[in-house]
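Data first, discussion second: the structure below is written as structure tokens.
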Amino acid sequence: MEKLTFVIPTLLGVEGLTANELRRMNMEGVRVENGRVFCQGGPQDIARLNLQLRTGERVLILLGTFPAQTFEDLFQGTRALPWDNFIPKDGAFPVKGFSLNSALHSIPACQSIVKKAIVERLKTYYEVNWFEETGASYPLRVFLNKDEVTIGIDTSGESLHKRGYRVLSSKAPITETLAAAMILLTPWKADRILVDPFCGSGTIPIEAAMIAANIAPGMNRTFTAQTWTNLIPKELWDDCFEEAKEMVNTDIETNIQGYDIDGEIIRAARDNAKRAGVDHLIHFQQRPVSELKNPKKYGFVITNPPYGERLEEKAALPKLYHEIGEAFAGLDCWSEYLITSYEDTERSIGKKADKKRKIYNGMLRTNLYQYIGPKPPRRKKTEA
């Protein structure tokens, strides 16, 4: 098979992180657009990307892009793509569409046109008039943006933020991909303290522990493309899973802590950490943010506090964020990173952030407030 082009949709604001991940994986042709990152590779990279990407939402094989302002444009452009290289005679190919700022704005109609075009292409190739679609599924994603069509095949199935460890969650959980992105945006390393005083079901501490132990985020789940035996041999998936297992190192020391005022959700966090294989690397405790204290220096607070839209009444937020500010002030030489949509965060905390980064938590616009502490002094080399 010729070189494939992949499209990795991302949360808005973390595209650069995903691009960095792809470059570290030695992927070719990495380029960034709003909400997605492109790269190139071979069939084996379908497995590698799904297993190892921490900040991408899913992995699509790009079939093609073309302009379309009419249904005829959409039909002919879709029909011209090499569907017979990917979809077998018995393959299922459900279509899911999205349209933004385009003349073709009826999503059901667009989905129907795309399906019809693919059927016409495959009818000619397989010399049949009807497709039972009883075999493996090849889910199609069709994006129309400003009359430009992008069509891809979804290799992931469930979004990549579904790591497989979080069965129980709090009322307003942060996604695993966003939690990983928050951590990767900081200079935190496994030998530094990390505390999440609003840990909920444990996502930020668990993602930090998985990063520290080099656990691939996709190791405890399955992917749609694992059923595509016409494209990717089972042995290739087995090799990639085995390679990921060999890279794991859980025999490490960490100081990762998760607090929450809700004792029941703390128990859920412990269960989630156990399923992720990192329960021995995290200390969870029922504890309010007002009791956030630590005598050690140069630690990190990385957290997703309540911000009104989901959990707390807005009237309660000034007091809560004032408590956060007081807790931060009692930590010596620490760095604090919190993501929230609460507009008076800096005023209530009592301190202006060193940096702010706009990130969309789903459809909700938030800011990552970054209070950057000093670096610890370099350790002196001991003489031999």
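The values are calculated or read from the model by the stated rules, or taken from the named source; none is laboratory data. None of the values given here were measured: they were computed from a predicted structure. Glycine gets a Cβ as well: all are built from the backbone with ideal geometry, and neighbour counts include every protein chain shown.
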Could you list all residues from region 298-355 that are of a type in the set (A, V, I, L, M) and over 17 Å from Gln370 (Cα atoms)? Leu311, Ala315, Ala316, Leu317, Leu320
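Is it the case, given these coordinates, that Thr78 is of a type in the set (S, T, N, Q), farther than 30 Å from Ala180 by Cβ and touching a helix residue (DSSP H, G or I) at 6+ places or on another chain (Cβ under 7 Å)?
Yes.
Determine if region 329-337 includes at least one residue that is closer than 24 Å to Ala181 by Cβ, more than 28 Å from the chain's Cα centre (by Cα) and modelled with pLDDT of 95 or more.
Checked region 329-337: at least one residue is closer than 24 Å to Ala181 by Cβ, more than 28 Å from the chain's Cα centre (by Cα) and modelled with pLDDT of 95 or more.
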So which of Ile183, Ile118 is in the same structural domain as Ser201 (by TED's automatic domain parsing), surrounded by 15 or more Cβ atoms within 10 Å (Cβ to Cβ) and of a type in the set (Val, Ile, Thr)? Ile183
Might you check whether a residue that is buried (at least 16 other Cβ atoms within 10 Å of the Cβ) and free of Cβ contacts under 8 Å to residues at least 40 places away in the same chain occurs anywhere in region 288-308? yes
Within region 89-116, can you find the residues that are more than 32 Å from the chain's Cα centre (by Cα) and more than 21 Å from Trp228 (Cβ to Cβ)? Lys116
Within region 1-112, considering only helices (runs of 4 or more DSSP H) that don't extend past its boundaries, which have at least 3 residues that are more than 29 Å from Thr222 (Cβ to Cβ)? 71-79
